[in-house]
Structure formats: structure tokens, C-alpha cells
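The values are calculated or read from the model by the stated rules, or taken from the named source; none is laboratory data. The shown structure was predicted, so the numbers you read here are calculated from the model rather than taken from an experiment. Methodologically, a virtual Cβ is constructed for each residue, glycine included, from the backbone with ideal geometry; neighbour enumeration extends over all protein chains shown.
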Amino acid sequence: MRMPLIAGNWKMNGSLALVDEFGQRCANVDMPPSVEVVVLPPAPYLAAAQAAFEKTALQVGAQTLNPEPGGAYTGEVSAAMLAEFGVGYVLVGHSERRSLYHEDDEAVSARARAALDAGLSPILCVGETLEERDAGDSEAVVLSQVKAVFDTLDARQRERMVIAYEPVWAIGTGRTATPEQAQAVHAAIRACLVDYDKGLATVLRLLYGGSMKRENAAELLAQPDIDGGLIGGASLKVDDFLAICQSAG
Ligand code: 13P
């Protein structure tokens, strides 16, 4: 059985006050024990989140990393630095990083390998644009993004990955993929993983992201190949985020 994973990507949002609010509220809430929950605040809040989440079921995650171990890379953060603050999961290949910061498949792969080397689990984000969907290329685009990274990993590294399918047209638009659309792409990803290893396809968790909210989470999470969610906007409101976590239980 794959344990559901709910990850809240705050993007460049939030504050120390929001970190504290999540810490306090989640300390007094019964999370479903069968669900893993991660909050990914902006990097400056990692230390505060590590402290605030200590008495909660929330884990701390990060939104990006630089693949280099250290050096003259002004503004960047290494995998080892994230590990020092208790980060267990880090996003790689988010569509905003791909489009705004020009991270191509090679850059995404390098980040995934650096994260794995530091003991972190990368959450590899993949997804097609609206033009690619309209052209009937969704699965081809997504599978090529998966393979670009998985081909560079060994079998043990692959097992430590998580994949998040986030159609670009559904991110921040309020336009969620239907459960059927999401399931179809998830099934294609899982079938592609079988080509690497049957066991890998059975254990690897595939998250859906893109306007997931409390109103639609349950039906998305009920799909057989959707093992959790990567939540943007709705992860900034503690009640909404907790409701999504409950619907994964
Ligand atoms: P929204 O949930 O705001 O659409 O964002 C999804 C996302 O990009 C999470 O990484």
C-alpha cells in the first residue's frame, strides 16, 4: 500500500505568523495517521517551521535547491543546507521553475541527484501546457519529463522519488483536471515506471497538483493511481489544508 502524501507548496507566500499558526493549529488536530503531510515554506522560514512543527504531524519540505554542494552561487541554497533544517522532501522541476527560471530537464535531473545524495526525497513535478494538451501530447510530454530524470538515476535512487503531475493549465487557475483526466495521466506514468521495474511502479507515489482544494480533493484522491496532492493556494489556509489532509485519510 502506498501511504498518501499531502504536500503544501506555499510558493513565495506566507510569513512567520503563518508558520506559527500552522504549528499551533496542527498541534491540536488529529491528523489521519495513515497520511504523510509536508509543508514547503519559503527557505527563510525553514528554521521557524522546523521548530513550530515539532509537536505536530507536519514535516518540513523545501521548494527548490541548487545542485552544487557549495561555492559562489549568490542567493542559492544547497541540499546539505536543507537537510540541516530537517527537510525531507524537496520539489524539483516545478513548472514555475521550468518556465520562469529556465530549468530544463538536465537542470531538473541535477537537482534531483543532489537532493538524493543529501538524503532528501525529490518530488519531481511534471505537466503539460494547454497547447500541448490541445495537441494531444499530454502523455508524451509528461513521460519525457519523467524519463529525463529517471534515466539518470539508479534503481535505489528511483525508489526514493515522488512524482507530482501538475498540468500547467490547472496551476493557480481554478481549473482543476477532472478526476478522469488526472487518473489517465497518472496511469500512463505508472505504466512507464513498469518499464524500469514492476516493484517500483507499485511503490512509487504519484501526486496530483493544480487547483486542488477541499471541494475536489476527495474525488481526485479516490482515483486508483492518485496517491496524494501537491497543493498551492489552498495550502495557505490552515482549515482548507487540514480538510484536504482529512480527505486523504
Ligand atoms: P495551485 O494549487 O494554487 O493551483 O498550485 C498548484 C501548485 O503549483 C503546487 O505546486
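Selection of the range 222-249 for residues being within 14 Å of the ligand (Cβ to nearest atom) and within 13 Å of Gln183 (Cα to Cα) yields Gly228, Gly229.
The set of residues from the range 1-38 being farther than 17 Å from Arg205 by Cα and of a type in the set (Val, Ile, Thr) comprises Val19, Val29. With respect to Arg133, is the statement that it is crowded, with 16+ Cβ neighbours inside 10 Å and either within 16 Å of the ligand (Cβ to nearest atom) or not aromatic (Phe, Trp, Tyr) (or both) true? Judged against the criteria, Arg133 is a match. If you check Val38, Val29 for being within 25 Å of Tyr208 (Cβ to Cβ) and at pLDDT below 95, only one passes: Val29. Cβ separations smaller than 8 Å between residues 6+ apart or across chains give the following pairs from the range 199-225 residues that are more than 18 Å from Tyr89 (Cβ to Cβ) to residues that are surrounded by 24 or more Cβ atoms within 10 Å (Cβ to Cβ) and among the β-branched types (Val, Ile, Thr): Lys213/Ile231; Lys213/Ile244; Arg214/Ile244; Ala217/Ile244; Leu220/Ile226. Residue pairs whose Cβ atoms lie under 7 Å apart, separated by 6 or more positions or on different chains, with the first residue in the range 88-109 and more than 13 Å from Ser144 (Cβ to Cβ) and outside any loop (DSSP other than H, G, I, E, B) and the second away from the ligand (no atom under 14 Å from the Cβ) and hydrophobic (A, V, I, L, M, F, W, C), are Tyr89/Leu120; Val90/Leu65; Val90/Leu82; Val90/Ala115; Val90/Leu120; Val92/Val108; Val92/Ala112; Val92/Ala115. Looking at this structure, is Phe53 at negative phi and surrounded by fewer than 18 Cβ atoms within 10 Å (Cβ to Cβ)? Spelling it out, it is not the case that Phe53 is at negative phi and surrounded by fewer than 18 Cβ atoms within 10 Å (Cβ to Cβ). Selection of first residues in the range 170-194 that are at positive phi and of second residues that are within 15 Å of the ligand (Cβ to nearest atom), restricted to Cβ pairs under 8 Å at least 6 apart or on distinct chains, gives the following pairs, ordered by first then second residue: Gly172/Ser211; Gly172/Gly232; Gly172/Gly233; Gly174/Ser211. The condition of being out of contact with any Lys or Arg (no Cβ under 7 Å at 6 or more places or on another chain), among the basic types (Lys, Arg) and more than 23 Å from Val77 (Cα to Cα) holds for only one of Arg98, Arg190, Arg113, Arg160, that being Arg190. Just one of the listed residues (Gly61, Gly93, Gly86) is under 26 Å from Gly229 (Cβ atoms), under 18 Å from the mean Cα position of the chain (by Cα) and either surrounded by fewer than 18 Cβ atoms within 10 Å (Cβ to Cβ) or modelled with pLDDT under 95 (or both), namely Gly86. Within the range 76-97, the residues that satisfy the criterion of being more than 12 Å from the ligand (Cβ to nearest atom) and β-branched (Val, Ile, Thr) are Val77, Val87, Val90.
Of the residues making up the range 9-25, at least one is within 16 Å of the ligand (Cβ to nearest atom), closer than 17 Å to Leu120 by Cβ and crowded, with 21+ Cβ neighbours inside 10 Å. In this structure, Thr152 does not qualify as touching a Phe, Trp or Tyr at 6+ places or on another chain (Cβ under 8 Å) and touching a residue at least 12 places away in the same chain (Cβ under 8 Å). Taken together, the residues in the range 160-180 that are away from the ligand (no atom under 13 Å from the Cβ) and either among the aliphatic types (A, V, I, L, M) or surrounded by fewer than 15 Cβ atoms within 10 Å (Cβ to Cβ) (or both) amount to 3.
When the test is whether a residue is touching a Ser or Thr at 6+ places or on another chain (Cβ under 6 Å) and surrounded by fewer than 22 Cβ atoms within 10 Å (Cβ to Cβ), Ala218 passes it.
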